[in-house]
Structures are given as C-alpha cells and as structure tokens.
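Structure, as structure tokens:
The values are calculated or read from the model by the stated rules, or taken from the named source; none is laboratory data. Since this is a predicted model, take the numbers as computed values, not measurements. For neighbour counting, all protein chains shown are included, and Cβ atoms are generated from backbone atoms with ideal geometry for every residue, glycine included. Protein only, heavy atoms only, side chains kept; ligands, DNA and RNA dropped before computing areas. Shrake-Rupley method; radii C 1.70, N 1.55, O 1.52, S 1.80 Å.
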Amino acid sequence: MNITALKGIGEKTSRLFAKLGITTTEELLRYYPKDYDKMQEPVAIANASIGERIAVRGTITGNMALTRVRNLNILNFVIQDASGSIQMTYFNMPYLKNTLKKNTFYIFRGQLLQKGNKLVMEQAQIYKPEEYVKLLDRLIPKYVLTKGLSNNAITKAVTQALAVSAPEEEYLPEALIERHQLIPRQEAIVRMHFPQDKEMLLIARKRLVFDEFFLFILMLRRMRSTYSELPNAHKMIETADTKRLVEALPYRLTNAQQKVFAEIKEDLCGEAMMNRLVQGDVGSGKTILAFLSLLMCSSNGYQGAMMAPTEVLAKQHFESLMQLKDTYALRIHPVLLTGSTPAKDRKIIYEKIKNGESDIIIGTHALIQEKVNYHKLALVITDEQHRFGVRQREMLAQKGESVHVLVMSATPIPRTLAIILYGDLHISVLDELPANRLPIKNCVVGTSYRDTAYRFIEKEVHAGRQAYIICPMVEEGEMDELEDVMSYTAKLKALMPPSIQIAALHGKMKPAEKNRIMEEFEAHHIDVLVSTTVIEVGINVPNATVMMVENAERFGLAGLHQLRGRVGRGAHQSYCIFISTSDNKATMDRLKILNESNDGFYISAQDLKLRGPGDLFGIRQSGILEFAVGDVFTDASLLATASEEADKILLNDPELSKQEHLRLREVLETSAANAIDFRSI
C-alpha cells in the first residue's frame, strides 16, 4: 500500500518519507527505531552526573545572548534551580530567544558537560512540565529523521500502518519457531516499534534478527552452492612474469603475503575453481597480491577484472597498476571503466574488452553492465567486498564461464564469524604489516578535549597535512544528541580560520558529487573533510594524518578500527582522536582497547567478547555487513544458531520443496526477500 493512503500524508510529506527510502506501508513497518528514549524524573542540578543524559527543571535567568560567528548563530543563556545553574547553548536556533519566557519553568533534557568551571548543555530538548509528565517511564521509539519530518510524524504513521496493514504471514517452519522460542513475526514488528518494556523489546528483536540472519544465510548458501567446487576451467601455470615482478619490487613481501599468494597460485593452478576470501588489515598489502594474481592471469592468456566500490578507489588502483607496468615493463594492457567514463571512450573500451586486446579491466559497477562482453574472463576480484551486494558479485562472476573468484576485505572478522558469513569461500588471512609502517597514535577523550583537538588539527593543516572528522549522522535532527555532518561543518567553518578549506561528505550525496569531493580531498584542495562513515573505504590519501571520530561510543570497535585505517598511510606520524560523549567506565574501557592495539584481528576479537545481547542500541557497526536490525558482534550466538538451522534445512530439502518450506521458498524468491537490505552485504 502506498504511504499516501495513510491519513495526514500528502504529496509533500510523502516526498520527505521517500528521502528515508519509505514509499509504502510495508517499507514503513520495516523502518525500525534506532533507539528508544526513557524519560526519567528531572534531577537537581547539584546531583546531576557529568557526561550523562539528564533532565533538569529550571527557569531562565539573566539575558539571552545571541551572537553570530560567520554563518553560525549561537544563543547562550543560563538556567537555574534551587541547587545550581547550567549554561545552555543552541546553534542556529535564534527563534528560541522569542519563544522562551523568563521566570517560567521548563524541562531541559540533554547531555551535561563540564567546560572549565561551568556546567554546559548544548542543543538540549525543551519541554513544558505538563508535556514531560505524560512521557515519564515510557519507552519512546526514536527514528532516524530527515529535515522537515519529526519523530512524532513517523510514530503516528507507523501506528496507522499497523492498524490498516494485513498481518505478516509466518514463513519459518513451526518446529523451528518452537525450538528457539520465537514470538510470531507480526507481534515482533509491533513490539519493535512500541515495546512495553526492555524485556519485550529484547524478545521482539530476537525474532527479527533471527529472520534477517536466517534468510541471508539461506539465500547465500543457495546462490553459492552453484559455484561450489567447480572443476577448474581456466587452469594456469606460474609464469616468469610474476616471479620477476616479486624480485624487482623495492620491498620484500611479508611472510603472510608470500603464504597467501602461494594459496592463490595453488587455486589458479589446481583442479577446482578458486573461491577465496583474503582478509587483511588496512596496510597489510592486499592490493599487490591482487595485481600479481591479475598479472598471472594475463600471462596465461586470460582476462582478469577487479571491481572497486568507488570511482576514486578504482582510479587509484588503475594508476598504481599503470605505474607498475611502466616501471617494470610489464606485458599487460589494462583499461579503466567507471560510470563517469565518457561515452565515446566507453565504446572503444567495450571493443577492446570484447576482442581481448585489454587483458586487465579495473572499474566499478560499470564492469557488470549488459554492454560489457568479455573475451576470455578467467578471474574476478572484488575489493572491499562488503560494499557489493551478493548479486552484484555473482553478476560479475557470470560474465565469464566458471571464473575464479577472489574476494578481498580490509575488515577483520574473527574466523568463527567469517566461516558462517562466507560459507564455502576458502579464507586466507594477512596478519602481518610491513615493517616500515609507523604505528598510529591514539587517544580516547571526552567532549571537553574538543577545542584542544581543533587546535591540533589546525597545527597539522599548517604543517601541510589533512584531517578527517567523522560524525554518525548526515543532517541536524536525524537523531538527537548525535553530531551531524552538515551542522558540524558549518560550526567548524565558523571556528577555524578562513584559510583552512573545510568540506562535507555523506552517503546521501549524488555519486558524481561524492567523487568530486573525494578527488578534491585527494588533490589537497580540501584540508579538513567532515564525513559520515562513507569514507571508511574508497579513498587513499597518504597526506591525511588526523582522524577524529565524534560520538565514538556509538560505533563498534571493529568499525572504529576500519575508520582509523584511513590515516597512517604515508611517511608522516598519524593520530586518531576518539571523542566519547559518555564517561561511563564500561564505555571508556571498551574504547581504550583501541589504545592497546593497532591489530584489527585482536580488536575485532575483543569487540566480539565485549558485546552482549543487552548492548542493543547506539553501537553502529561501521564497515561490517550492515543488517537492518542484527549486528554480527552483538548477535554472534544468534548468527551461529541461524546458520545451523539454515544448513539443516538445506541438507534435508535443498530445493525447499517440502510443504513446510513452500512459504519460505516464496519469500526467498519474491520481493519479500527484500525485507532484508542485502545491498551492503
């Protein structure tokens, strides 16, 4: 049902919902809250805890001072109760000066900070006391918003959609539901949006996470069973070209690189087609192994293709390969094919690929377009595999007949999880970094350190370096109390000297705009890039030496480590600053693991160990198989259970043709399977 069928959603509001990817009531009901608010009794200012999100009841005293710093309006005023006072600061909300009245009680709710000897709250929510009383002790869903659409509007729409939509049919076998004490799917959807309490929320979430993992693994196993252990249709031999290049390189391959390349060669020369995942931390040297594999393919008379997740990264790979070709006189003929390749050039490239004149093809999704016909495609490499959907990788593999598949990932996942998630892929691990790498210096700090961090970034920029600042949200109002890219960029431009070039980058931008900004940052026309996690892959800027992550407590450790990998790529010392808005001991201890180690596999193992089923919200696992509800770390045991159940069903009924599996097959084979967003998996 179209979302406009709901009362109060006309053409204008439906366009706002569409920005969130919601056009139907089915999509709306799958748009689950990202957090829940539990309103608690206001506390006396003197008893409030620094770093915690609290509510205080107070009145405004003194003047409300509105100042303008470049494009930023800053409103400051003081509130007080009988026990103390707090300075309130609001950015770009000048209208509050006219709407708030002195000597009137309000409830201010936000995070309490200490700056010098002052207590401060920034962008706190404001309620009238009578409004706040109605909200006390309820679990209120909090959705990711877009400008112009309030949390209340989404809540009302969801309530209506639940009332008018037909209940979801069960598709899991009854015995499985009973075995794992799963509640009915329809009840889980209702309770996920409107839980009575935390216990009910956990029960509802368990059902939805199980479904996500179970369908994903079933789909993966069924798709991959076609490619499992196929005979090697493109048997190769080791050639002098690869040996010569390895010997001529100005550095020696690490022991781990030598071991993994030996495994790749064994696959290419063996009896079965290669189906291998190479996991390696940032900087462990995966790219040279990909190039050596492509060179071996070319010198055996075949074509090899390498697909990167962004145009910038594809271009960087192509330029690096061309540099190797020119330096070492390699007998290869590479081409670059991306979405922005001009039409006339594209036509020539298509012809070269089709007649075999080009033997190595590097590009983006453009490599899987219908018009691209390969001559003798034998090897397909996908770089940063989690950025491609399963079907996209399959489409590239199907461009040739029984091709070798090499999947590369800089996201270190503990082996136990990797075996479940990557099924029949053989796993190789690069667990060693080149000796000449300077370790990154890390610090985990509170928000009071922010001004010091800005001065440090200025100093690095004046020394000719660049910096990234990561925010979890795109625009103001998406989620309260979380930093967002757009307002943060405006604030930073007001605080830093005009000579420092600052730009914003996020996933909602059009691909051409994203590429332009990444290229400008790479060319050093931008000094400081304020971004979402969109930069975790797809950009390699050796001159960037500072990574600062806001709301670090909202990310998983493995995701933070992935972000940290954007710096430390050049000859200069690099730094990573993790800013936490919570000084809770458990939170700080978890983040401090990043101080202990730069080893992604160790960090990811610790993340797995520390995360539990109660750790539901706030930790966004950047970079690793982003499911709508589930998290491979928090829900690791449920992932293992779903995997066992999927394998059990496929063992007894591979075609899902038994009566109790017919509805399940229908879900997998129709658009209902899109209830799970496989695009980034």
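Of note:
- Selection of strands (runs of 3 or more DSSP E) fully inside segment 404-466 by the criterion of at least 2 residues being touching a helix residue (DSSP H, G or I) at 6+ places or on another chain (Cβ under 8 Å) and closer than 30 Å to LEU220 by Cα returns 404-409, 426-430.
- One residue stands out among those in segment 251-269 that are open to solvent by less than 20 Å² (accessible area, probe 1.4 Å) and free of Cβ contacts under 8 Å to residues at least 60 places away in the same chain: the one that is farthest from GLY568 (Cα to Cα), which is PHE261.
- Candidate set: segment 638-662, residues that are assigned to a loop (DSSP other than H, G, I, E, B) and open to solvent by 20 Å² or more (accessible area, probe 1.4 Å); chosen: the one farthest from TYR422 (Cα to Cα): LYS658
Let's see how each residue does on (1) open to solvent by less than 40 Å² (accessible area, probe 1.4 Å); (2) part of a helix (DSSP H, G or I):
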{"site": "ILE9", "(1), (2)": "yes, no"}
{"site": "PHE17", "(1), (2)": "yes, yes"}
{"site": "GLU26", "(1), (2)": "no, yes"}
{"site": "TYR31", "(1), (2)": "no, no"}
{"site": "ALA46", "(1), (2)": "no, yes"}
{"site": "GLY51", "(1), (2)": "yes, no"}
{"site": "GLY62", "(1), (2)": "no, no"}
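- Test for LEU482: is it assigned to a helix (DSSP H, G or I) and hydrophobic (A, V, I, L, M, F, W, C): no
- Filtering segment 99-114 to residues that are open to solvent by 50 Å² or more (accessible area, probe 1.4 Å) and closer than 13 Å to ALA48 by Cβ leaves only GLN114.
- Residue pairs meeting the criteria (Cβ under 8 Å; at least 6 apart or on separate chains; first over 16 Å from LEU482 (Cα atoms) and assigned to a helix (DSSP H, G or I), in segment 542-566; second basic (Lys, Arg) and open to solvent by 10 Å² or more (accessible area, probe 1.4 Å)): LEU557/ARG590; GLY559/ARG620
- Scanning segment 591-633 for residues that are over 20 Å from ALA410 (Cα atoms), among the small types (Gly, Ala, Ser) and at pLDDT 65 or above yields ALA628, GLY630.
- SER340 passes every criterion in (1) of a type in the set (Ser, Thr, Tyr); (2) under 32 Å from the mean Cα position of the chain (by Cα); (3) modelled with pLDDT of 95 or more apart from (3).
- Just so you know, in segment 82-98 the residues that are of a type in the set (Ser, Thr, Tyr) and within 39 Å of the chain's Cα centre (by Cα) include one that is surrounded by the most Cβ atoms within 10 Å (Cβ to Cβ), and it is TYR90.
- Residue selected from segment 648-671 under the condition touching a helix residue (DSSP H, G or I) at 6+ places or on another chain (Cβ under 7 Å) and within 18 Å of VAL209 (Cα to Cα), by the criterion modelled with the lowest pLDDT: LEU668
- Residues in segment 514-535 that are part of a loop (DSSP other than H, G, I, E, B) and buried (at least 19 other Cβ atoms within 10 Å of the Cβ): ILE526, ASP527, THR532.
- Where helices (runs of 4 or more DSSP H) fall wholly inside segment 106-181, the ranges with 2 or more residues that are touching a Leu at 6+ places or on another chain (Cβ under 8 Å) are 151-164.
- Considering residues of segment 164-188 that are over 20 Å from ASN652 (Cβ atoms) and among the β-branched types (Val, Ile, Thr) only, the residue farthest from the chain's Cα centre (by Cα): VAL164
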